[in-house]
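The values are calculated or read from the model by the stated rules, or taken from the named source; none is laboratory data. On a predicted model such as this, the values are computed, not experimentally measured, just so you know. Every residue, glycine among them, receives a Cβ derived from its backbone with ideal geometry; neighbour counts consider all protein chains shown.
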Amino acid sequence: MAATSTPLDELIDRALAEDLGDGDATSLATVPADLRGRARVTQKAPGVIAGLDVAEAVFRAVDGELDVVRLTDEGAWREAGPVLEATGSARSLLAAERTALNFLGRLSGVATITRRYADAVAGTGATVLDTRKTTPGLRLLEKQAVVTGGGANHRIGLYDQILIKENHAAMAGGVGAAVRAAHAQRPDLPIESECQDLDEVREALATAQELGLGPDRYRILLDNMSDDALREAVALVAGRIPLEASGNVSLETIRGIAETGVDFISAGALTHSAPVLDLSLILEPLS
């Protein structure tokens with residue numbers, strides 16, 4: 001009985017099919033079929049490695065007889081050095097190379113920028129969150145890379161948390177009305193409501209108290225507020241409901257935002273603007 005494929009298996013199969021098509025023409029033409037080799041993946045720039053499980057799975061999807069060994073752990077900041085080594089058919093190693101490096105470089109890039117953001121707020125008590133601004137098809141992998149880099153996940157999709165944004169509130173008749181409707185329809189889900197100004201914060205806080213929504217069930221998102229306004233919101237809420245800041249978040253601004261006293265800071269840049277970490281693969285023939 002064949003093993004059931006997982007979503008990761010299917011993702012890797014699609015990525016390999018995109019790259020290989022009906023075969024690696026160059027390797028088939030130039031590399032002897034019986035030649036064995038050793039491929040070493042090396043980190044060439046400072047950062048955090050993430051995605052080793054995916055890279056290993058790519059090599060094994062191409063050739064189940066490849067021997068893959070990790071040479072470092074995920075999650076630690078390092079300047080450079082060896083990452084993993086794979087041994088076996090030289091043709092197989094070359095066929096897996098680009099897909100494995102694409103996944104590994106992308107996910108390590110997300111982990112690296114997340115670590116920079118997390119380090120920037122160290123000591124403030126604020127937690128750095130990701131958003132849904134992810135690469136289509138790679139969301140779960142990118143969100144895991146955020147965790148590896150020292151951040152935390154917001155919601156995974158539209159289904160696991162209610163997030164009432166400006167457009168929802170406008171359609172529902174205001175922040176309070178939207179929160180009441182959401183709680184009535186889906187009392188099983190945590191609720192977060194976006195607020196544009198302090199008046200909306202007051203409305204959101206009053207509604208939460210009216211409905212008995214505590215810190216574990218409700219959060220207020222402070223959208224595009226100045227640092228002064230964030231400090232006022234923190235003083236107004238006084239710890240009764242967690243506060244998340246969003247908008248205009250960068251490595252240059254995040255420390256100031258964190259020092260206002262908010263609990264969370266969400267940054268789309270963790271996934272939509274993460275540079276790929278520079279990695280290389282060198283293959284040597286084995287006699």
Study note, to complete from the structure: Only unsatisfied item for Leu129, checking (1) surrounded by fewer than 16 Cβ atoms within 10 Å (Cβ to Cβ); (2) touching a Ser or Thr at 6+ places or on another chain (Cβ under 9 Å); (3) closer than 30 Å to Gly47 by Cβ, is (1)
**Study point:** Some residue of segment 77-96 being at pLDDT 95 or above, within 30 Å of Gly268 (Cβ to Cβ), out of contact with any strand residue (DSSP E or B) (no Cβ under 7 Å at 6 or more places or on another chain) and among the hydrophobic types (A, V, I, L, M, F, W, C)
**Key:** no
Practice item. Evaluate the following for Gly157: is it in the same structural domain as Ala258 (by TED's automatic domain parsing), more than 21 Å from the chain's Cα centre (by Cα) and at negative phi? Key: no
Check your understanding: What are the residues in segment 118-149 that are touching a helix residue (DSSP H, G or I) at 6+ places or on another chain (Cβ under 6 Å) and closer than 25 Å to Val234 by Cα, if any?
Key -> Ala120, Val121, Thr124, Ala126, Val128, Asp130
Point to revise | Residues that are at pLDDT below 95 and farther than 27 Å from Gly137 by Cα, drawn from segment 1-51 | key: Met1
Review point. Just checking, how many residues over segment 93-137 are under 27 Å from Ala17 (Cβ atoms), among the hydroxyl-bearing types (Ser, Thr, Tyr) and outside any helix (DSSP H, G or I)?
Key: 2
Review point. Filtering segment 235-249 down to residues that are in a loop (DSSP other than H, G, I, E, B) and within 19 Å of the chain's Cα centre (by Cα), which residue is surrounded by the most Cβ atoms within 10 Å (Cβ to Cβ)?
Key: Val249
Review point. Can you tell me which residues in segment 197-234 are under 13 Å from Val175 (Cα atoms) and assigned to a helix (DSSP H, G or I)?
Key: Leu198, Asp199, Glu200, Val201, Arg202, Glu203, Ala204, Leu205, Ala206, Thr207, Ala208
Study note, to complete from the structure: Looking across segment 21-41 at residues that are surrounded by 16 or more Cβ atoms within 10 Å (Cβ to Cβ) and of a type outside the set (D, E, K, R), the single one that is farthest from Gln144 (Cα to Cα) is Val31
Study note, to complete from the structure: Of (1) in a loop (DSSP other than H, G, I, E, B); (2) crowded, with 20+ Cβ neighbours inside 10 Å, Gly64 fails just (2)
Point to revise | Selected residue (only one of Asp223, Asp228 is acidic (Asp, Glu) and surrounded by fewer than 13 Cβ atoms within 10 Å (Cβ to Cβ)) | key: Asp228
Practice item. Tally the residues that are within 22 Å of Ala258 (Cα to Cα), among the β-branched types (Val, Ile, Thr) and surrounded by fewer than 20 Cβ atoms within 10 Å (Cβ to Cβ), restricting the search to segment 142-157. Key: 1
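Residues to consider are Asp160, Asp188; find the one that is surrounded by fewer than 14 Cβ atoms within 10 Å (Cβ to Cβ), modelled with pLDDT of 95 or more, more than 17 Å from Pro242 (Cα to Cα) and touching a Leu at 6+ places or on another chain (Cβ under 9 Å).
Numbers: Asp188 fails: touching a Leu at 6+ places or on another chain (Cβ under 9 Å).
Just a single option satisfies the conditions, and that option is Asp160.
Just to be sure before I move on: is Gly149 assigned by TED's automatic domain parsing to the domain that holds Val262 and under 22 Å from Thr72 (Cβ atoms) in the structure I sent? It would help to see each step written out before you state the result.
On the way: assigned by TED's automatic domain parsing to the domain that holds Val262: yes; under 22 Å from Thr72 (Cβ atoms): yes.
So Gly149 fits the description; yes.
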